[in-house]
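Encoded as structure tokens, the structure appears first; notes follow it.
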Amino acid sequence: MELKAKKIFLIGFMGSGKSSMGRMLADLAGLPFVDMDEVVEKETGMVISEIFKTRGEAHFRNIEHEVLLNLIEGEPSVIATGGGVPCFMDHMELMKTAGTVVYMRATPDELYEWLEEFKGDRPLLQGLQGEALKEWITAELSIREPYYLQANLSIEAYHTSPKELLIQLTMDN
């Protein structure tokens, strides 16, 4: 199956599976895979939690912006964005102009189940657990979802296979 879009951007809340889906989708489509968080860490020589801690979120968002601009100029690829990327600056419009944006939609309960077990070193989740984590996810998702819903395509993150997504992308392009 051939994709006509120059780039496929996977967006969604942290824990929605953007990186996992992205790797599998890229493999199926024969495209390179790029994880924006990994690019930020490689370019800065710092893990994201360290950037947040030492330089702040605004500095991190500026780095993320530069990385996105560079990726837009790069080769066709599948790109897993950070969860906040679509919500800042004019990122959603930039991504939609450069390719197809796919929102990996998940419910607060689904995200909670994943993040409670695998929250790791995510700076925005520091100190949150149990009901506080669930409340934060629900509140933050309600702020971010209006941006996410501007995507070209929405899929159920935990219920769509990479092959099903590839078929949808092929049909939509």
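Worth a mention:
- Among MET104, MET21, the order by Cβ neighbours within 10 angstrom, fewest to most, reads MET21, MET104.
- Long-range HN-HN contacts of GLY12 with modeled amide H, under 5 Å: MET104
- Over the chain, dividing the summed -39,500 (n - 2.57) contributions of all DSSP H runs of at least 4 residues by the number of residues returns a 222 nm mean residue ellipticity of -17000 deg cm²/dmol.
- GNM result for the chain, Cα springs below 10 Å: residue of GLY12, GLY56, GLY127 fluctuating most strongly: GLY127
- Of every Cα-Cα pair in the range 8-86, the percent that sits beyond 18 Å: 39 percent
- Amide H contacts under 5 Å for GLY74: none, restricted to partners 5 or more places along the chain or on a different chain, H placed in the peptide plane at 1.01 Å from N.
- GNM top mover of THR138, THR81, THR54 - the chain, alpha-carbon springs below 10 Å: THR54
- Each residue of the range 42-50 was assigned a 3J(HN,Hα) from its phi angle through the Karplus curve 6.51 cos²θ - 1.76 cosθ + 1.60 (θ = phi - 60°); the sequence is 5, 5, 9, x, 10, 6, 4, 4, 5 Hz, with glycine and proline shown as x.
- Across the range 146-152, coupling constants 3J(HN,Hα) worked out from phi with the 6.51/-1.76/1.60 Karplus curve, θ = phi - 60°, read x, 6, 4, 5, 7, 4, 5 Hz, and Gly and Pro carry x.
- Annotation for the range 65-95: GluC sites (Glu not before Pro) lying in DSSP loop with at most 16 further Cβ atoms inside 10 Å of their Cβ do not exist.
- Each listed q (0.14, 0.18 Å⁻¹) maps to a log10 I(q)/I(0) for the chain, found by the Debye formula over equal Cα scatterers with no solvent: -0.71, -1.20.
- Here the Karplus curve 6.51 cos²θ - 1.76 cosθ + 1.60, taken at θ = phi - 60°, turns the phi angles of the range 85-99 into couplings of 3, x, 9, 10, 6, 10, 4, 4, 5, 4, 5, 5, 5, 8, x Hz, with x standing for Gly and Pro.
Since every read-out is calculated from the coordinates, none of them should be taken as a lab result. For clarity, every value in this text was computed on a predicted model and none was experimentally measured. All Cβ positions, even for glycine, are placed from backbone atoms using ideal geometry, and neighbour counts span all protein chains on display.
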